[in-house]
Amino acid sequence: MSLYAVMTVFITVFMAELGDKTQLASLLFATDESLNPWLVFAVASLALTASTGIAVLLGAYAARYIEVVPVQLLAGVGFILIGCWTVYGHFKG
């Protein structure tokens with residue numbers, strides 16, 4: 001894997017995760033004085049790693065069966081649909 005590919009994956013995932021529900025949940029747990037912030041960090045990191053691992057395994061498995069349609073096209077359409085859903089939800093109230 002090239003450095004360009006590694007940086008593309010890192011930046012894309014990093015930007016996608018900023019400000020999402022995962023970050024907000026971690027922030028709220030970290031404000032709880034009865035919880036050690038380092039423990040919150042470790043457990044949240046483990047949860048994110050586990051969910052990412054599942055996504056990667058499912059993606060690799062699915063790629064074997066959907067080679068007819070480029071996976072990047074499906075991902076792009078998926079992101080567009082999620083964006084439309086988010087905008088619709090904003091204006092719907």
Mind listing the phi-derived Karplus ³J(HN,Hα) values for segment 40-56, rounded to whole Hz, using 6.51, -1.76 and 1.60 with θ = phi - 60°, and x for any glycine or proline?
4, 4, 5, 5, 5, 5, 5, 5, 5, 5, 5, 5, 5, x, 4, 4, 5
What is the pair-distance distribution P(r) of segment 1-51, computed from all Cα-Cα distances in 10 Å bins starting at 0, with each bin given as a whole percent?
23, 43, 25, 8, 1
Of every Cα-Cα pair in segment 42-87, the percentage lying beyond 12 Å is 70
On a 0 to 90° scale, report how tilted helix 21-31 is relative to the longest principal axis of the chain, with both axes built from alpha carbons and the result rounded to the nearest 10.
10
Near-label residues of segment 7-27 by backbone N, under 16 Å of a point 7 Å along Cα→Cβ of A47:
17-27
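Mind checking the full-extension length gain between I11 and A55? Use 0.36 nm per residue of separation minus the Cα-Cα distance, one decimal, nm. Numbers along the way, then the final one.
Working: separation 44, 0.36 × 44 = 15.84 nm, distance 1.72 nm.
The I11-A55 span can extend by a further 14.1 nm.
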How many percent of Cα pairs in the chain exceed 20 Å?
56
Taking R0 as 41 Å, what's the FRET efficiency between Y88 and R64 from their Cβ-Cβ distance, rounded to 0.05?
0.75
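Computed from the coordinates by the stated procedures, all read-outs in this text should not be read as laboratory data. Nothing here was measured: the structure is a model prediction, and the numbers come from that model. Positions of Cβ are backbone-derived with ideal geometry, glycine not excepted, and every protein chain shown enters the neighbour counts.
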